Amino acid sequence: MDSKLRDLIKEYYEYKNMDRREFYYYDETNNSRMFRLKNDSFNVNPFQKFSLGGLVSEKEIINDNHNELWNKLKINSNIPELKSKYIFKKSDDFLESIDTKNIELILEYIKIKGYNLHFNYLNLLWLTIVDIVDNSYDNSKNNSIKRIYNPQLLKQELYLKVKNDIPWLEKLFKKYNFPNLVEQKELNDFYTEFAQYLSKQSNQNEYTKVLIDLFTNTVIKDNLFSGEESHIYIKDFSALYTINSKILIHSKHSFDEEMHIKEKIKSFSNSNIHWYKSHEHRTIQLCDCVIAIINRFINFIENNSYTNLKEQLVYAFDVAESPRLRRNLTLLGFLLNKSYLHEPLNRRLTTIDETAIKYEEFVSKLSSLSKLSF
């Protein structure tokens, strides 16, 4: 482990508890293994979000049977392994989908046991397009742009524009073998075509115009895309499996056994990573449920405006005649807020800033409501 990285994180984020020993348990959801262009389109829905995470405990619980919870869960006794699909209502509406007794039982159990939650949420499309902005921004000689405009907000603007026209983006990526942009002419043509696309947008703002300026006038000499493979945007998710073990080096990190990931990181020297078969360990099964709930929750936040989220909150607490829905929301908000306060590294959002801000506000609101409910 690079001790300089740990020291930098400690100093920059003022983290004081990175040396504690805890037990982290992981499972994943929406694991497409990679994100790429296959034939003429993305191999998976570009709005699918990969998440990895689960539970944190002060003591080892990998072999716990959690009988106190399992005896209460409303699942078929013939099911050999608890999966997240068994705890949700079948609905595309988030609020309706989480209004179940099983979710209430799981969240209440986690609260009583004093476990914390942790997660890494990854927006595939976002991670794919960020280097397009960085490549242009970092090479730009326009100091006024760099002084005034936050590159994160420029990336967000690009994301918000292209997410509404995925077929166009797929065609552009295929035409230029993105991200394998090596030849200068090919690189220039790629950015020129992107600038032309943005110029045709009717809903331009100052960030759109800055992107057009960057894409049109920047000469890229230090090319971030050198050495990249055509049509592959995310080769795998292995980096997400090792990041915690590199920073929280005294903790134990226990994963659902994914052989392709295990093979990719087999040379990784840290001895604090362990693999378990989920059908043999209920703790991992519980993580499968937890990370699915968190993934759906953040996706719900990401896909709704501030106004819609407020309306949904009003509906859940003032209109819907479901004490259980209110209970589940406040339990989730309480657990997420508590877990972050315990250790900020328990929350990682790799997506647009707007989502992170909405998430913070929504969780804070639910957590404050939980004080009135518990």
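A short reminder: the numbers here are calculations on the coordinates, not readings from a lab. The structure presented is a predicted model; accordingly, all values stated were derived computationally and were not measured. Note that we place each Cβ from the backbone using ideal geometry, even for glycine, and neighbour counts take in every protein chain shown.
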Report, in degrees rounded to the nearest 10, the 0 to 90 angle that the Cα long axis of helix 353-373 makes with the longest principal axis of the chain. 20
Efficiency by 1/(1 + (r/R0)^6): what FRET value for residue 204 and residue 83, r their Cβ-Cβ distance, R0 = 51 Å, to the nearest 0.05? 0.65
Electrostatic dipole magnitude of region 247-374 [Cβ: Lys, Arg +1; Asp, Glu -1; Cα centre; debye, to 20]: 360
Compute the length gained on full extension between residue 59 and residue 306: take 0.36 nm times their separation in residues and subtract their Cα-Cα distance, giving the result in nm to one decimal. 85.0 nm
List, in order, the whole-Hz ³J(HN,Hα) value for each residue of region 159-164 obtained from phi through the Karplus relation with A = 6.51, B = -1.76, C = 1.60 and θ = phi - 60°; use x for Gly and Pro. 4, 5, 6, 6, 5, 8
Relative contact order computed over the chain (Cα-Cα under 8 Å; 6+ residues apart), in percent: 30
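Label region 44-136 by shape, choosing from rounded, prolate and oblate, from the square roots a ≥ b ≥ c of the eigenvalues of the Cα gyration tensor; if a/c is under 1.5 it is rounded, and otherwise prolate applies when a/b is larger than b/c, oblate when it is not.
Prolate, because a/c is 1.5 or more and a/b exceeds b/c.
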Percent relative contact order of region 139-248, based on C-alpha pairs within less than 8 angstrom and at least six residues apart? 39
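Which whole-number percent is the relative contact order of region 251-374 (Cα, under 8 Å, 6+ apart)? It would help to have the intermediate numbers written out before the result.
Details: 71 pairs, mean separation 26.7, N = 124.
Averaging sequence separation for qualifying contacts and normalising by length gives 22 percent for region 251-374.
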Where both residues lie in the chain, what percent of DSSP beta bridges are antiparallel, nearest 5? 60
Kindly state, to the nearest 0.05, the FRET efficiency for residue 259 paired with residue 172, given R0 = 35 Å and r defined as their beta-carbon distance. 0.50
Residue 226-residue 20 pseudo-label distance in nm [points 7 Å out on the Cα-to-Cβ vector]: 4.4
Tell me, in nm to one decimal, what length is gained between residue 274 and residue 134 on full extension, where the rule is 0.36 nm per residue of separation less the Cα-Cα distance? 46.9 nm
Taking the dipole of the chain about the Cα centre (Lys, Arg +1; Asp, Glu -1; charges at Cβ), the one of 242, 198, 37 that reaches farthest to the positive side is 242
Please turn the phi angles of region 83-95 into ³J(HN,Hα) values with the Karplus equation 6.51 cos²θ - 1.76 cosθ + 1.60 (θ = phi - 60°), one per residue in order, whole Hz, x for glycine and proline. 10, 4, 4, 8, 9, 9, 6, 7, 7, 7, 7, 4, 4
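Grab the DSSP H runs of the chain that are 4 residues or longer, score each as -39,500 (n - 2.57), total them, divide by all residues and round the 222 nm result to the nearest 500 deg cm²/dmol.
-16000 deg cm²/dmol
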Packing rank of 272-281, 220-229, where each peptide gets the mean count of other beta carbons within 10 Å, highest leading: 272-281, 220-229
Which listed residue (18, 335, 271) has the Cα farthest towards the positive end of the charge dipole for the chain, taking +1 on Lys and Arg C-beta and -1 on Asp and Glu C-beta about the Cα centre? 335
